């Protein structure tokens, strides 16, 4: 008799750029290499040389993509460079059916397509003309599904410290820095809303923050397993 596949609740981690999400999640994936996975996103752009449907992306038409939007099939989606990109509920469920935890890293910065080889998470970043509204819609859309995801907010110790970290990267113009800090304030305000998330971790020390995130995600080895009621 085949053993039933254990299914785990997806984990959604959100927080401003500069709070250490990527660093913490990369470390978590390295420590538990067989436990987490990423989903395959949908896109309306044409396949590039060597890309295979269902591996790098699910390639679809604009009409097909918008039909799935109308059906509420996307957790998040965005338009970038004339093409649509999105993470579907089905794609997340496929990871769950493999007996792995699907992690979604949701951020309110301007969406940029990521090189597939660099993808280590199930993630989808939304185009942020209305960042607070975009994030809120993404969280609400996910909560409407039966995926029963767990939500963690990774917070900066202060806006002053966040600005110091962003300046320390040496990659920001004054304009982009202002936009990121404005987005961060919107995200912090959203996180104050009741029911927006299950856990808050303040990253004022990376090692402490990582251990706290890990303890919550791993959940004493349970990893948020979905159990029959």
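When we screen 47, 33 for residues that are over 16 Å from the mean Cα position of the chain (by Cα), touching a residue at least 12 places away in the same chain (Cβ under 8 Å), more than 29 Å from residue 189 (Cα to Cα) and not in a strand (DSSP E or B), the only hit is 47. When residue 72 is tested against (1) in contact with a strand residue (DSSP E or B) (Cβ under 8 Å, 6 or more places away or on another chain); (2) closer than 23 Å to residue 143 by Cβ; (3) part of a loop (DSSP other than H, G, I, E, B), only condition (1) is not met.
The set of residues in the stretch 1-30 that are assigned to a loop (DSSP other than H, G, I, E, B), buried (at least 22 other Cβ atoms within 10 Å of the Cβ) and in contact with a strand residue (DSSP E or B) (Cβ under 6 Å, 6 or more places away or on another chain) comprises 10, 15, 19.
Might you let me know whether the stretch 218-229 holds any residue that is at pLDDT 90 or above, assigned to a strand (DSSP E or B) and surrounded by 17 or more Cβ atoms within 10 Å (Cβ to Cβ)?
Within the stretch 218-229 (the criterion being at pLDDT 90 or above, assigned to a strand (DSSP E or B) and surrounded by 17 or more Cβ atoms within 10 Å (Cβ to Cβ)), the answer is no, since none of the residues qualifies.
In the stretch 58-84, which residue that is touching a helix residue (DSSP H, G or I) at 6+ places or on another chain (Cβ under 8 Å) and in contact (Cβ under 8 Å) with a residue 24 or more places away in the chain is surrounded by the fewest Cβ atoms within 10 Å (Cβ to Cβ)? The extreme case among them is 72.
Checking each residue in the stretch 1-10 for being in contact with a helix residue (DSSP H, G or I) (Cβ under 7 Å, 6 or more places away or on another chain) and either closer than 11 Å to residue 153 by Cα or at pLDDT below 85 (or both) picks out only 5.
The values are calculated or read from the model by the stated rules, or taken from the named source; none is laboratory data. Small disclaimer: the values here were computed from a predicted structure and weren't measured. Positions of Cβ are backbone-derived with ideal geometry, glycine not excepted, and every protein chain shown enters the neighbour counts.
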